[in-house]
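Just so you know, all these numbers are worked out from the coordinates, no wet-lab data involved. Keep in mind it's a predicted model, so treat the numbers as computed, not measured. Cβ placement follows ideal geometry from the backbone for every residue including glycine, while neighbour counts extend to all protein chains displayed.
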Amino acid sequence: METILFLAHTELDGSLGKPAREALAAAKALALNLAEAKLAAGLVGGQVQPAADSIARSGAARFLGVAGADFSQSRYASDAAAIEALCKASQATLIIAPATSRWNRVAAGAAQRLGGGVDTHIAGIAVAGGVVWVNRWYYRQRLEAVLQRAQRPWFIVVDPGNHAPYEGAAGAAPVELIPVNLPESCKRTSVAGTRQPAGDAQTIRPGAALLFVAGAGWTKKQADGQLHVKEAEKLILDCLRLTRASLGSSKSLVDLGSEGQAVLGFLTHLNQIGQTGSTPRHPKGLAACCHGEEPHTVGWRFINERRAINLDPNCGWARGKADVLYVADAFAVMAKVNELMAAEPL
């Protein structure tokens, strides 16, 4: 019989973020499909009661928490101690956790402390013949593997965007607070503050409804034989500001700077998708001035609706890689889109 522990950290206000609620949905489905499995919730944070109340009707038989000022911020030593205490108190054999930056740092170390195993970047969890199987992508999500482990406890760290987040009515959850006494050696790291770019400067938004991908065509000579890089920068940044979209880029455009060619000043390798870049997950995607060949479209594998703008009707996008292809000039199209968006903002 398996004991499943949904393991999450709370936000600063005591709530659960979307990745945590997605992991909870995965844990709940696993508990329903696995015979005689028990589901428990383990929460870590400055305060855990609001989070526990928000998932009171999730089906968890127990709610355990490690709370206090020492656990409000991400810190390896305190997080590892909290996770170890929660796993021992719940006697968990399967631990389902969201792949947040906080948990990604500490999951492997916590598994090592408990003599267990860990698998990260999990895209799906299933039960077949009474055995738990997980799906994981390798090589920038070109290869999919199906894995199972006999080792327990087994930490399964679920990537965001693969499950619909848990949505249930709130209630009153009785939280068992687990005491964790941290020695001073575990408190040497402290958070002095948080720095983040201004809203208009932020171009990577994992939770955005739209992914806008800029291709190398933006920095090439246009119909008049001239470069219009500054105009391209303004059109793209205006689109991001008006739509709150996330910005992606093809590898060719990111690498142009090293070749001495004109570049879009706000792009970095963090914006790169496909080939050696990331594989984002957004409901919709719009590519402009992209060829859309296979190395790039691999990065779009998990976009639900894919559209592209390109003057060439024979580009890669026209061969079935996009749901809709607009054969038009991207400069003109985006100028009109921005005009319409400014008139009727979201």
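Among residues other than Ala41 whose Cβ falls under 13 Å from its Cβ, what is the net charge (Lys/Arg +1, Asp/Glu -1)?
+3
Would you compute, for the Cα atoms of the chain, the largest minus smallest coordinate along each principal axis and list the three values in descending order, in whole Å?
Result, largest extent first: 70, 48, 39 Å.
Tell me, how many Å apart are the Cα centres for the stretch 1-63 and for the stretch 77-119?
14
How many nm is it between the label spots at Trp133 and Thr189, if each spot is 7 Å from the Cα in line with the beta carbon?
3.7
Counting Lys and Arg as +1 and Asp and Glu as -1, what is the net charge of the other residues whose Cβ lies under 10 Å from the Cβ of Gly116?
Taking every Cβ under 10 Å from that of Gly116, the sum is +3.
Using DSSP to define loop residues, name the GluC sites (Glu not before Pro) in the stretch 160-239 whose beta-carbon has at most 14 other beta-carbon atoms within 10 Å.
In loop regions of the stretch 160-239 (DSSP not H, G, I, E or B), the sparsely surrounded GluC sites (Glu not before Pro) are Glu167.
In percent, what relative contact order does the chain have, based on Cα pairs under 8 Å that are 6 or more apart in sequence?
Result for the chain is 14 percent.
Of all the C-alpha pairs in the stretch 72-223, what % are more than 21 Å from each other?
I get 63 percent for the Cα pairs in the stretch 72-223 exceeding 21 Å.
Are there trypsin sites (Lys or Arg not before Pro) in the stretch 96-151 that DSSP puts in a loop and that have at most 14 other Cβ atoms within 10 Å, and which ones?
Answer by residue number: Arg142.
According to a simple spin-label model (label point 7 Å from Cα along Cα-to-Cβ), what is the distance in nm between Ala223 and Arg113?
The two pseudo-label positions are separated by 6.4 nm.
Computed over the Cα atoms of the stretch 170-273, what is the ratio Rg over Rh, Rh following Kirkwood?
Answer for the stretch 170-273: 1.26.
Can you tell me how much longer the chain between Arg142 and Ala262 gets when fully stretched, taken as 0.36 nm per residue apart minus their C-alpha distance, in nm with one decimal?
Additional length available on full extension: 40.1 nm.
Please compute the contact order of the stretch 210-343 in relative form: average sequence separation of alpha-carbon pairs under 8 Å and at least six residues apart, divided by the residue count, as a percent.
Relative contact order of the stretch 210-343: 25 percent.
Within the chain, which is the longest segment that contains none of the chymotrypsin sites (Phe, Trp or Tyr not before Pro) sitting in a DSSP loop with at most 16 other Cβ atoms within 10 Å?
The reported range is 1-138.
If you look at just the Cα atoms of the stretch 210-343, how large are its Rg and its Dmax in Å?
Calculated on Cα positions, Rg and Dmax stand at 13.6, 39 Å.
Would you kindly state how much longer the chain becomes between Thr120 and Ala164 on full extension, computed as 0.36 nm times their sequence separation minus their alpha carbon distance, in nm to one decimal?
14.0 nm is the gain from fully extending Thr120 to Ala164.
Can you give the Kirkwood hydrodynamic radius of the stretch 106-186 from its Cα pairs, in Å with one decimal?
For the stretch 106-186, inverting the mean 1/r across all distinct Cα pairs yields 15.7 Å.
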